[in-house]
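Student: Questions regarding the structure given below will be posed in turn.
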Amino acid sequence: MPDQVQMVPITVTVNGQRHSLSVEPRMLLVSFLREALGLTGTHIGCDTTYCGACTVLLNGRSVKSCTVFAVQADQGEVRTVEGLAGESSLHPIQQAFLENHGLQCGYCTPGFLMSAVQLLEKNKDPDEKAIRKGIAGNTCRCTGYQNIFKAVRAAAASMRGR
Amino acid sequence: MYPRAFHYHRATSLSEAVSMLTDLGEEARLLAGGQSLIPLMKLRLASPAHLVDLNFIPGLEYVREQGNELRVGALTRHAQIEESAEAARVPIVHDCASGIADIQVRNRGTLGGSLAEADPTGDWAPVLLVLGTEVVCQGPDGERTVKLEDFLVDAFVTTLAPNELVKEVRITQPPKKSGGAYIAAKRSAPVYASASVAVQLAMEDSSVCREAGIALGAVGLTAIRAREAEKVLNGKSVDSRAIEEAAEAAMRAADPQSDMRGSAEYKRVLVRALVKRALEAALRRSRGEPVEVSHLYA
Ligand SMILES: Cc1cc2nc3c(=O)[nH]c(=O)nc-3n(C[C@H](O)[C@H](O)[C@H](O)COP(=O)(O)OP(=O)(O)OC[C@H]3O[C@@H](n4cnc5c(N)ncnc54)[C@H](O)[C@@H]3O)c2cc1C
Ligand code: FES
Ligand code: FES
């Protein structure tokens, strides 16, 4: 067991803003975002890498931030739910979840939004199967997935229309 | 939950990683995608004192064709294999890569880490066994190349020495007129298979099989090669009777345990059903039919 706490300096760009901090190696990316940067939109729902509530984009790819050490994001770019909305308007994916009632309590929602962002950035017109596959790593405990599918489909349509 | 405190070491080359492992001794572990190791550390089922991070080593993420081989760098993520045009030419490899866990896990988890972990329910081992695969390992004395069947020793045990690592995986491309398919039955996406089946058929013509490869996952301590089932097909016409017989033989080769994923009996029956499906898909693919196969969710 290490006798002295090791601190590792890292620089991470989160939602376009650079942060340089020293962290303990065991700090998870999700805790870095929530506790070190105060970005509490990214949630923790499980301890098993199962639920996807903690999903963020790391260098453009969705990851479960409870299963990445913050030191591994060094020199990287992170996008969280806080980075989705513009100054005065919601991101089309947020708007679509709102309009299609893609949530009840909202706890899982940031993770679903980030998975949807990854899906729609890769596939502008996903069919039902691709949508199911794209959000298979996210679990909602409140609602059926029907409105979430609807929301993703609506978001895809509105993003194609832009 | 937080893992126990550890010292973090960032390797910038493979040889540096090997010398770090050598210097730090048995208290050190490699960190690749972290998709097996970090969950274990969070649950304190693993508490290594030192982690050697491979993620900052350049040039270890690739899928390339070389001769009749597909060479995959140890740090290549499942999602990169899923997206690779080279890998897509070996459909069974694509079947596997595209269905592991979920997209978030596939974006991080690596092929090298999966093989090194040697989880009996891992998806790669059965697939790579039916293709003929070698694992290139690097240690303090240089490289050695091991056949996958020799690399996998037991559940969670490989031939890797504590200061050795996986550098590359070399997959033999199947000959023309071949078809393969991989089907894993899972309760939901982010869980491991209850049982899985990999089939690869090299055909003489559209119905007679020259050589069959059949391997089973999650129903033994390592992936199991179903040799008797292969014999049923070798040199024979792959008709519905032969498929039935091969599926029965594969079921007898399975050695499952009852657990939260189902009873041993259920898993045997599942193997029989999966072998039939995978053989039918492999046969159609060998005839050039595009058949979509993916992991099944109960
Ligand atoms: C929710 C969830 C579901 C999953 N479902 C599946 C599934 O259905 N099928 C499946 O196959 N997998 C599944 N996985 C596991 C996933 O595929 C992992 O990515 C994989 O098993 C380990 O790879 P890694 O790169 O993440 O390795 P790590 O977790 O970083 O390492 C695993 C082990 O391998 C060692 N190691 C890593 N790289 C090397 C190397 N190059 N040389 C030597 N040793 C090395 C490490 O020291 C460690 O002991 C799942 C994981 C999660 C979290
Ligand atoms: S909190 Fe990360 S997957 Fe559940
Ligand atoms: S809306 Fe409550 S967990 Fe999904």
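The values are calculated or read from the model by the stated rules, or taken from the named source; none is laboratory data. Fair warning: this is a prediction, and the values are worked out from it, not measured in the lab. We place every Cβ from the backbone using ideal geometry, glycine too, and count neighbours over all the protein chains shown. Surface areas here come from the heavy atoms of the whole protein model, side chains and all, with no ligands, DNA or RNA. Shrake-Rupley method; radii C 1.70, N 1.55, O 1.52, S 1.80 Å.
Student: Once the principal axes of the Cα atoms of the range B:141-298 are found, what is the range along each, listed largest first in whole angstroms?
Tutor: Its Cα atoms span 48, 38, 27 Å along the three principal axes.
Student: What is the Cα convex hull volume of chain A when expressed per residue in Å³? Let's see the in-between values first.
Tutor: Values: hull volume 18.7 nm³, N = 162.
Considering the Cα atoms of chain A, their hull volume per residue is 116 Å³.
Student: Average partner chain C-beta neighbours within 10 Å, per residue of A:65-76? Don't jump to the answer; show the numbers that get you there.
Tutor: Values: counts 1, 4, 13, 7, 10, 0, 7, 10, 0, 4, 1, 1.
Mean partner shielding for this stretch: 5.
Student: Ok, one more. Tell me the per residue accessible area of chain A using a 1.4 Å probe; a whole number in Å² is fine. Intermediate values should be presented prior to the final figure.
Tutor: Numbers: 7320 Å² over 162 residues.
With all protein chains present, chain A gives 45 Å² per residue.
Student: Peptide B:38-44: average number of partner chain Cβ atoms within 10 Å per residue? Don't skip to the end; give the middle numbers.
Tutor: Details: counts 9, 8, 0, 3, 7, 2, 0.
Average per residue, whole number: 4.
Student: Okay, moving on. Plugging the Kirkwood radius over Cα pairs into Stokes-Einstein for the protein assembly as shown, at a temperature of 4 °C and a viscosity of 1.567 mPa s, what D comes out in µm²/s?
Tutor: Details: Rh = 23.1 Å.
Roughly 56 µm²/s, to the nearest whole number.
Student: Taking a cut-off of 20 Å between Cα atoms, list the aspartates and glutamates near A:Lys133, but don't count ones fewer than 8 places away on the same chain.
Tutor: Those aspartates and glutamates meeting the cut-off are A:Glu121, A:Asp125, B:Glu82, B:Glu83, B:Asp95, B:Asp102, B:Asp123, B:Glu292.
Student: Hey, another quick one. Taking the Cα of B:Arg4, stepping 7 Å toward and past its beta carbon, and measuring to each backbone N in the range B:12-45: which are under 19 Å?
Tutor: Under 19 Å, as judged by backbone N against the label point of B:Arg4, lie B:24-31, B:36-45 of the range B:12-45.
Student: A further question on this structure: What distance in nm separates the simple spin-label points at B:Arg227 and A:Thr40, each placed 7 Å from Cα in the Cβ direction?
Tutor: The answer from the label model is 6.2 nm.
Student: Given the rule -39500 (n - 2.57) for each run of at least 4 DSSP H residues, summed and divided by the residues of the protein assembly as shown, what is its mean residue ellipticity at 222 nm, to the nearest 500 deg cm²/dmol?
Tutor: That calculation yields -9500 deg cm²/dmol at 222 nm.
Student: Have a look at A:Gly83, A:Gly111, A:Gly41 and tell me which one the Gaussian network model of chain A (Cα, springs below 10 Å) gives the largest fluctuation.
Tutor: Sorting by GNM fluctuation, first place goes to A:Gly83.
Student: Then there's this: Would you mind getting me the FRET efficiency between B:Arg252 and A:Lys124? Use the beta-carbon distance for r and R0 = 41 Å, nearest 0.05. It would help to have the intermediate numbers written out before the result.
Tutor: Numbers: r = 48 Å, r/R0 = 1.18.
For R0 = 41 Å, the calculated efficiency reads 0.25.
Student: Enumerate the residues in the range A:122-162 having an amide nitrogen under 16 Å from the point lying 7 Å beyond the Cα of B:Glu83 toward its Cβ.
Tutor: Within reach of a label on B:Glu83, which here means backbone N under 16 Å from a point 7 Å along Cα→Cβ, the range A:122-162 contributes A:122-125, A:134.
Student: Running a GNM on chain B with Cα contacts under 10 Å, which residue among B:Ile92, B:Ile171, B:Ile57 ends up with the highest mean-square fluctuation?
Tutor: Comparing B:Ile92, B:Ile171, B:Ile57 in the GNM, the peak value goes to B:Ile57.
Student: Give me the inter-chain shielding for A:24-35: mean count of other chain Cβ atoms within 10 Å, whole number please. Walk me through the intermediate numbers first.
Tutor: On the way: counts 4, 11, 10, 2, 5, 0, 0, 1, 0, 0, 0, 0.
Shielding by partners across A:24-35 averages 3.
Student: Moving to a separate point now. Take the solvent-accessible surface of the protein heavy atoms, probe 1.4 Å, and return the percent of it on the protein assembly as shown that carbon and sulfur atoms account for. If you can, show how the numbers build up before the last one.
Tutor: Values: 9460 of 19250 Å².
The computed percentage sits at 49.
Student: Same structure, new question: Would you mind working out the accessible area per residue for the range B:180-290, using a 1.4 Å probe, and quoting it in Å²?
Tutor: On the way: 4730 Å² over 111 residues.
I get 43 Å² per residue for this part.
Student: Could you state the number of Å between the C-alpha centres of the range B:116-163 and the range B:167-230?
Tutor: With the range B:167-230 and the range B:116-163 each reduced to a Cα centre, they are spaced 17 Å.
Student: Along the charge dipole of the protein assembly as shown, Cβ charges K/R +1 and D/E -1, which of B:Phe6, A:Cys46, A:Pro110 sits furthest on the positive end?
Tutor: A:Pro110
Student: With a 1.4 Å probe, what is the total accessible area buried between chains A and B, in Å² rounded to the nearest 100?
Tutor: On the way: alone 8990 and 13550 Å², together 19250 Å².
Rounded to the nearest hundred, the buried surface is 3300 Å².
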